[in-house]
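Student: Just passing along the structure, written as structure tokens.
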Amino acid sequence: MNSLSSELQLIHSEIRECTKCELHKSRTKAVPGEGPYDAKIMFVGEGPGQNEDEQGRPFVGAAGKFLTELLESIGLKRSEVFITNIVKCRPPNNRAPRKSEMETCNPYLESQIRLINPRIICALGTPAITTLIGDEYSASRFHGKPLTKGEVTILPMYHPAAALYDASLKETISHDFKILKQLSENRETLNPSTPKNSEPSGKTQTLEKWA
């Protein structure tokens with residue numbers, strides 16, 4: 001085990017014992033994240049759901065199954081990427097994390113990014129996008145449009161859970177994963193055009209949370 005992986009394990013141990021915000025009071029298990037310590041691609045979602053809270057692992061429910069399928073569609077294995085969330089504990093009733101909770105937890109994410117040093121960070125859903133890029137960005141407006149921040153490319157995407165509430169978004173998300181494939185292969189020519197049905201229906205609060 002090298003020093004980087006040791007330091008990352010230490011951060012994850014701190015996350016599992018963390019009591020810095022109110023979310024620790026209702027959690028079953030904290031969810032630090034998982035993947036190689038030197039992963040070239042990192043996925044950052046919003047926060048754990050019920051399945052993640054029970055197992056202590058990220059993206060193990062229906063959205064996680066879809067994420068695995070999306071990875072496989074572009075020739076990647078889940079074991080090759082690092083997966084985590086903005087907040088590491090499940091918000092009660094799957095509500096959106098509060099700003100104070102995200103700010104409290106953000107140093108953990110910053111440490112993970114610093115230690116893993118990924119080439120590409122996929123921000124899944126608006127909470128992750130605004131945290132990593134800025135409040136003026138959202139999934140519905142900027143999905144599939146890579147931005148450079150320092151030496152890292154950040155690719156905003158819809159959260160895979162959005163497709164569970166609006167099936168029309170599956171095509172859009174699949175298209176954005178093709179852009180990820182192009183980025184990961186260092187292709188010079190990108191085609192960030194998206195299908196016409198890329199806008200969410202906005203019919204439910206649950207979907208709006210991811211968009």
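The values are calculated or read from the model by the stated rules, or taken from the named source; none is laboratory data. On a predicted model such as this, the values are computed, not experimentally measured, just so you know. Note that each Cβ is placed from the backbone with ideal geometry, even for glycine, and that neighbours are counted across all protein chains shown. Just the protein is used for accessible areas: all its heavy atoms, side chains included, with ligands, DNA and RNA removed. Shrake-Rupley method; radii C 1.70, N 1.55, O 1.52, S 1.80 Å.
Student: How many residues are open to solvent by 50 Å² or more (accessible area, probe 1.4 Å), more than 17 Å from the chain's Cα centre (by Cα) and not acidic (D, E) if we restrict to region 149-176? Don't jump to the end; show me each part of the working.
Tutor: Taking region 149-176 first, the residues open to solvent by 50 Å² or more (accessible area, probe 1.4 Å) are 149-151, 164-165, 167, 170-171.
If we keep only those that are more than 17 Å from the chain's Cα centre (by Cα) too, we end up with 150-151, 165, 167, 171.
Still in the list and also not acidic (D, E): 150, 165, 167.
Residues flagged as open to solvent by 50 Å² or more (accessible area, probe 1.4 Å), more than 17 Å from the chain's Cα centre (by Cα) and not acidic (D, E) within region 149-176 amount to 3.
Student: Just one of K99, K77, K40 is open to solvent by 40 Å² or more (accessible area, probe 1.4 Å) and more than 21 Å from P156 (Cβ to Cβ); which is it? Break it down into steps so the answer makes sense when it comes.
Tutor: Details: K99 fails: more than 21 Å from P156 (Cβ to Cβ); K40 fails: more than 21 Å from P156 (Cβ to Cβ).
Of the residues listed, the single one that is open to solvent by 40 Å² or more (accessible area, probe 1.4 Å) and more than 21 Å from P156 (Cβ to Cβ) is K77.
Student: Within the set of pairs 6 or more residues apart or between chains, which connect a residue that is farther than 17 Å from N94 by Cα inside region 27-50 to a residue that is in a loop (DSSP other than H, G, I, E, B) and of a type in the set (A, V, I, L, M) with Cβ atoms less than 7 Å apart?
Tutor: G35/V81; A39/V81; I41/V81; M42/V81; F43/V81
Student: Residues that are touching a residue at least 40 places away in the same chain (Cβ under 8 Å): which strands (runs of 3 or more DSSP E) entirely in region 92-190 hold 3 or more of them? Can you show your working first?
Tutor: Values: elements: 120-124, 147-149, 152-157.
The strands (runs of 3 or more DSSP E) meeting that bar are 120-124.
Student: Can you find a residue that is closer than 19 Å to A128 by Cα, of a type in the set (G, A, S), open to solvent by less than 20 Å² (accessible area, probe 1.4 Å) and at pLDDT 95 or above anywhere in region 54-62?
Tutor: No, region 54-62 has no match at all.
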